[in-house]
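We did not get these values from a lab; they are worked out from the coordinates using the rules stated. Source: prediction; values computed, not measured. Every residue, glycine among them, receives a Cβ derived from its backbone with ideal geometry; neighbour counts consider all protein chains shown.
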There are 2 protein chains.
Amino acid sequence: MVGESNNGSNSGSNNGTAAERERATADVLRALIVISRRGVADARIANLSLSMTDQSILGYIVDHPGCRSTDIAQAFRLNRSTVSRQLAGLMQLGVVSEQADASGRGRPLELTDSGWAAYDEAIGILRGVVDENLDDWTDAEVARFAHDLQRFNTGAAGETRPRHPLEAPPAPLDSAP
Amino acid sequence: MVGESNNGSNSGSNNGTAAERERATADVLRALIVISRRGVADARIANLSLSMTDQSILGYIVDHPGCRSTDIAQAFRLNRSTVSRQLAGLMQLGVVSEQADASGRGRPLELTDSGWAAYDEAIGILRGVVDENLDDWTDAEVARFAHDLQRFNTGAAGETRPRHPLEAPPAPLDSAP
DNA sequence: GTCTATTGTTGCAATAAGCAACAGGAGGCG
DNA sequence: CGCCTCCTGTTGCTTATTGCAACAATAGAC
């Protein structure tokens, strides 16, 4: 059940054996698993008072200001109750607050100043890890890597699956950045 | 506190403004966070009876046959008690077993046949997700992406931090030293 | 103005994870 | 050879995370 998924568009022209692509895709998966697993571990040291889920919620609010609790739950495939509880904790902690101008259905969320501080702190630590791993990369290589990663993340996902964590705008409207 | 970390080695030559690299690195981090967060969500559907930690443990044993409980704990920054309990569950489940020839300090671990089956099943599901996102990539692009990811993962990590999750062989590999 | 669907919250249960204390054995040293 | 120390794994207790189900409150539809 692995993947004859090159049904899509192109499949290159240079060296592309099917087996080659197969192997490369498997390598991509393995690398992504490492990244994911390492992210969980790194999140533990990034901010001692904020769990990984907390940090993810903060990140989601940063990327989607005014989002509601349900949006977060859908994005991370979490139960609404889980998000509700975590949000309650975060609001009590003073890092998240509800926007005053609540017009639509739910309660729009936003980060407080200390929320931004906590977010920046966590990001800073993770930045250190990333910087370390990109140490001997050229600027062009880093740029290309960033481009590939973004392309991968915005790829086909969001169709089959409910929605991504961060980065995908809630409303498909205007014009993707 | 973000990062003037191009202290390292090279910094390319073509277009490399410091700000450019700064932005690209930030993009890399954002993308990696998305991947990590999405990995947690995907792990929930990859194998219903195995938690993300369980799957990680299986993956680690796959990559490090004969590893011991402590190795896993260090790799994932988990408490030994956590790993011990999870391993007990996995052994009772019949997916992990202890190798008979225990010579050294701890008890070497290995996967059983059903352990491999469970691992393959989880990998297969994740493969589907990856395939979907790589759908419109050329073979060459996939290969390049895989290469970059592996380079990133094997980068500088493993020096500052205790050890990685998967992929890093316990003995420092071939060429490096 | 009522009715339905969405949104958020709480009770209960299961799992995951950490800390501390402890048992058992490997290796080192006299 | 015998003792001592450190490593490895396990268990008791506690806390945190997550899900399911039931419930309250409200926005939007009719």
Please turn the phi angles of the stretch A:83-93 into ³J(HN,Hα) values with the Karplus equation 6.51 cos²θ - 1.76 cosθ + 1.60 (θ = phi - 60°), one per residue in order, whole Hz, x for glycine and proline. 5, 4, 5, 4, 5, 4, x, 5, 6, 5, 6
Highest mean first, what order results for A:76-86, A:116-126 on Cβ atoms within 10 Å? A:116-126, A:76-86
Hull volume in cubic angstrom per residue (convex hull over the Cα atoms of the stretch A:18-153): 148 Å³
Just counting partner chain Cβ atoms within 10 Å, what average do the residues of peptide A:17-25 show around their Cβ? 5
Cβ-vector label at 7 Å, B:ALA18, separations to other copies in nm: 5.2
Karplus 3J(HN,Hα) series, Hz, for the stretch B:50-59 with 6.51 cos²θ - 1.76 cosθ + 1.60 (x for Gly, Pro): 10, 6, 4, 4, 4, 5, 5, 4, 4, x
Amide H contacts under 5 Å for A:ARG107, restricted to residues at least 5 apart in sequence or on another chain and with H modeled in the peptide plane, are A:SER69
Partner chain Cβ atoms within 10 Å, averaged over the residues of B:40-49 - can you pull that number for me? 4
One decimal, nm, shortest first: give the distances between the label point of B:ASP120 and those of the same position in the other copies, each label point 7 Å from Cα along Cα→Cβ. 5.2
In peptide A:118-128, how many Cβ atoms from other protein chains are near each Cβ within 10 Å, on average? 3
Can I get the semi-axes of the stretch A:24-66's equivalent ellipsoid? Compute them from the C-alpha gyration tensor as square roots of 5 times the eigenvalues, in angstrom, largest first. 25, 15, 5
Scalar couplings 3J(HN,Hα) for the stretch A:105-119 by Karplus 6.51 cos²θ - 1.76 cosθ + 1.60 (θ = phi - 60°), nearest whole Hz, x for Gly and Pro, are 7, x, 10, x, 10, 8, 8, 7, 4, 5, x, 4, 4, 4, 4
Nearest-first distances (nm) between copies at B:ASP136, label 7 Å from Cα via Cβ: 3.6
